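**Q** Once you've had a glance at the structure underneath, I'll fire off some questions.
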Amino acid sequence: MRIGVFQSAGGGLSPQQRLGRLAMAMSQQALDLVVCPELFMSGYNVGESLAELAEPQTGAFAQQVAKLAISSGSAILYGYPERDGERIFNSALCIDKQGQVIASHRKLLLPPGFESDHFDCGAGLTLFNLNGVCCAILICYDAEFPEAVRAVVKAGASLVCVPTALTQEWGSVAFNMMPTRAFENGAWLAYANHAGSENGVNYFGASCIVAPDGKDSARAGREETLISAEFSAERVAAARARLPYHKNIKRLHKAMSV
């Protein structure tokens, strides 16, 4: 399975323009899955426009993504503001190459400030199967907690997809924390960030696909790009056999309780 991560520079663009940029990038590569950033559809730093742009899971943008998934033969995972009645969630949707929704995740944890003011919290783990690979979705801040990544991996995930909106002051998350999450769980991690600037916010870029040994298989710079890497189940098995953290955690808990 070939994984792609689209690092989008969509500041000032409409949802349709963002999708057009994605379609153009995807036309250059054959991929099984493309992961796009947090709130890719609307943009992250768009303030009150979130309420205007928010749509249900079956909204117009999702239908357009479904058409692109079918025409490209690729599953597409993207972030968007999800409207559910009067509530709005920071969500991510995965649509497979048949144009069917196969996963929907609502961000579990909202950092203080802008997000807490605009969104409700989600609940529960989100896992899905793609080409025989068990995948999970965590959005940005969710994946910064070791417990969250460990929970989805213990539930069966070999690939953790993380749409994010990381700004320039948080580079250590992209270069240090995400490789650590992959390493300590023996799992692949696809981290999709924005590029460029948006209404005064400068994004860090540095989207990555990290292998189960914590090493980069692909890493973006600061500009819009589509990176890719080949998923390997053998590398998952090798990493977990070499350092069986999940098996030994119970032993550690027992030793610490003495």
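Residue-by-condition table, conditions (1) in contact with a helix residue (DSSP H, G or I) (Cβ under 9 Å, 6 or more places away or on another chain); (2) of a type in the set (D, E, K, R); (3) modelled with pLDDT under 95; (4) under 19 Å from LEU33 (Cβ atoms):
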{"residue": "VAL173", "(1), (2), (3), (4)": "yes, no, no, no"}
{"residue": "ASN176", "(1), (2), (3), (4)": "no, no, no, no"}
{"residue": "TRP188", "(1), (2), (3), (4)": "yes, no, no, yes"}
{"residue": "VAL210", "(1), (2), (3), (4)": "yes, no, no, yes"}
{"residue": "ALA218", "(1), (2), (3), (4)": "no, no, no, yes"}
{"residue": "THR225", "(1), (2), (3), (4)": "yes, no, no, yes"}
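**Q** Do you know which residues across segment 139-150 are of a type outside the set (Phe, Trp, Tyr) and in contact with an Asp or Glu (Cβ under 9 Å, 6 or more places away or on another chain)? Spell out how you get there, then give the answer.
**A** Filtering segment 139-150 down to residues of a type outside the set (Phe, Trp, Tyr) leaves 139-140, 142-144, 146-150.
Within segment 139-150, ILE139, CYS140, PRO146, ALA148, VAL149, ARG150 meet the criteria.
**Q** Still on this model: Looking at (1) part of a helix (DSSP H, G or I); (2) in contact with a strand residue (DSSP E or B) (Cβ under 6 Å, 6 or more places away or on another chain), which is the only condition ILE227 fails?
**A** Answer for ILE227: the failing condition is (1).
**Q** I would also like to ask the following. Test of understanding: among GLY221, GLY205, GLY214, which residue is within 22 Å of ILE76 (Cβ to Cβ) and either in a loop (DSSP other than H, G, I, E, B) or out of contact with any Pro (no Cβ under 7 Å at 6 or more places or on another chain) (or both)?
**A** GLY205
**Q** Within segment 99-121, restricting attention to residues that are part of a helix (DSSP H, G or I) and of a type in the set (Asp, Glu), which residue is nearest to ILE70 (Cα to Cα)?
**A** Step one: of segment 99-121, the residues part of a helix (DSSP H, G or I) are 114-118.
Subset that is of a type in the set (Asp, Glu): 115, 117.
Working: GLU115: 32, ASP117: 36 Å.
By that ranking, first place goes to GLU115.
**Q** Against the condition surrounded by fewer than 16 Cβ atoms within 10 Å (Cβ to Cβ), β-branched (Val, Ile, Thr) and under 19 Å from the mean Cα position of the chain (by Cα), how does VAL65 come out, does it pass?
**A** Details: surrounded by fewer than 16 Cβ atoms within 10 Å (Cβ to Cβ): no; β-branched (Val, Ile, Thr): yes; under 19 Å from the mean Cα position of the chain (by Cα): yes.
No: the conditions fail for VAL65.
**Q** Based on what the data block shows, is CYS134 surrounded by 16 or more Cβ atoms within 10 Å (Cβ to Cβ) and at positive phi? Let's see the steps before the verdict.
**A** Details: surrounded by 16 or more Cβ atoms within 10 Å (Cβ to Cβ): yes; at positive phi: no.
In short, no.
**Q** Go through segment 36-58 and give me each residue that's within 24 Å of GLY4 (Cα to Cα), free of Cβ contacts under 8 Å to residues at least 60 places away in the same chain and buried (at least 16 other Cβ atoms within 10 Å of the Cβ).
**A** Across segment 36-58, the qualifying residues are MET41, SER42.
**Q** Name every residue in segment 153-173 that is without any contact (Cβ under 8 Å) to a residue 60 or more places away in the chain, more than 30 Å from LEU13 (Cα to Cα) and surrounded by 24 or more Cβ atoms within 10 Å (Cβ to Cβ), in order of residue number.
**A** ALA157
**Q** Could you tell me whether any residue of segment 174-184 is in contact (Cβ under 8 Å) with a residue 40 or more places away in the chain and surrounded by 14 or more Cβ atoms within 10 Å (Cβ to Cβ)?
**A** Narrowing segment 174-184 to residues in contact (Cβ under 8 Å) with a residue 40 or more places away in the chain: 183-184.
Narrowing the set further to residues that are surrounded by 14 or more Cβ atoms within 10 Å (Cβ to Cβ) leaves 183-184.
Looking through segment 174-184, at least one residue is in contact (Cβ under 8 Å) with a residue 40 or more places away in the chain and surrounded by 14 or more Cβ atoms within 10 Å (Cβ to Cβ).
**Q** Continuing with the same structure: Provide a single number: the residues in segment 1-35 that are of a type in the set (Gly, Ala, Ser), at negative phi and surrounded by fewer than 24 Cβ atoms within 10 Å (Cβ to Cβ). Outline the logic, then answer.
**A** Within segment 1-35, the first condition is being of a type in the set (Gly, Ala, Ser), and the residues that meet it are 4, 8-12, 14, 20, 23, 25, 27, 30.
Checking which are at negative phi leaves us with 4, 8-11, 14, 20, 23, 25, 27, 30.
If we keep only those that are surrounded by fewer than 24 Cβ atoms within 10 Å (Cβ to Cβ) as well, we get 9, 11, 14, 20, 23, 25, 27, 30.
Going through segment 1-35 one residue at a time, the tally reaches 8.
**Q** Name every residue in segment 191-211 that is within 27 Å of ALA233 (Cα to Cα) and free of Cβ contacts under 8 Å to residues at least 40 places away in the same chain, in order of residue number.
**A** VAL210, ALA211
**Q** Specify which of the listed residues (SER116, SER74) is touching a Leu at 6+ places or on another chain (Cβ under 6 Å) and modelled with pLDDT under 95. Don't jump to the end; show me each part of the working.
**A** Details: SER74 fails: modelled with pLDDT under 95.
None of the other options fit; the residue is SER116.
The values are calculated or read from the model by the stated rules, or taken from the named source; none is laboratory data. Keep in mind it's a predicted model, so treat the numbers as computed, not measured. Positions of Cβ are generated from backbone atoms using ideal geometry, with glycine treated the same way; all protein chains shown enter the neighbour counts.
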